[in-house]
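*Asks:* One structure coming up, written as structure tokens, with questions to follow.
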Amino acid sequence: MCRRIAEGTRWSKCGHFQRHLVVAIMDCNSSHCERSILHPKSCKDPNCVKNFGAEVQKDIDTVKDECFQCRAAAARTLPS
């Protein structure tokens with residue numbers, strides 16, 4: 001299964017990753033993966049993999065805080 005390589009921000013307190021850019025595709029070199037260069041264009045096999053695998057996350061910066069979604073979720077749970 002081919003994978004995308006993404007660069008982005010890692011939020012250190014919650015561990016979430018915010019993707020900024022997909023910089024490359026890692027080819028799995030499988031003829032059974034529709035994303036691979038080795039997949040035959042004429043293939044009609046419905047069992048071939050159609051989606052990318054897990055993203056490779058490359059941290060280009062780290063923020064020592066929680067991401068926006070985690071902060072918003074925490075704010076919603078605070079007592080009034």
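*Asks:* Output yes when any residue across segment 35-43 is in contact (Cβ under 8 Å) with a residue 40 or more places away in the chain and over 14 Å from the mean Cα position of the chain (by Cα), and no when none is.
*Replies:* Within segment 35-43, none of the residues are in contact (Cβ under 8 Å) with a residue 40 or more places away in the chain and over 14 Å from the mean Cα position of the chain (by Cα).
*Asks:* Here's a check for you: in segment 50-78, which residue that is without any contact (Cβ under 8 Å) to a residue 24 or more places away in the chain and among the charged types (D, E, K, R) is nearest to Trp11 (Cα to Cα)?
*Replies:* That would be Arg71.
*Asks:* Here is a follow-up. Can you spot a residue in segment 4-20 that is at positive phi, exposed (fewer than 15 other Cβ atoms within 10 Å of the Cβ) and either without any contact (Cβ under 8 Å) to a residue 12 or more places away in the chain or not in a loop (DSSP other than H, G, I, E, B) (or both)?
*Replies:* Among the residues of segment 4-20, at least one is at positive phi, exposed (fewer than 15 other Cβ atoms within 10 Å of the Cβ) and either without any contact (Cβ under 8 Å) to a residue 12 or more places away in the chain or not in a loop (DSSP other than H, G, I, E, B) (or both), which makes the answer yes.
*Asks:* If you don't mind, another one. Out of segment 30-80, which residues are open to solvent by less than 60 Å² (accessible area, probe 1.4 Å), within 20 Å of Glu7 (Cβ to Cβ) and in a loop (DSSP other than H, G, I, E, B)?
*Replies:* Phe52, Gly53, Glu55, Asp65, Cys67
The values are calculated or read from the model by the stated rules, or taken from the named source; none is laboratory data. Just so we're clear, the structure is a prediction, and the values are computed from it rather than from any experiment. Please note: Cβ atoms are built from the backbone with ideal geometry, for glycine as well, and neighbour counts cover all protein chains shown. Ligands, DNA and RNA are stripped out before the accessible areas are found, and what is left, the full protein with its side chains, is counted by its heavy atoms. Shrake-Rupley method; radii C 1.70, N 1.55, O 1.52, S 1.80 Å.
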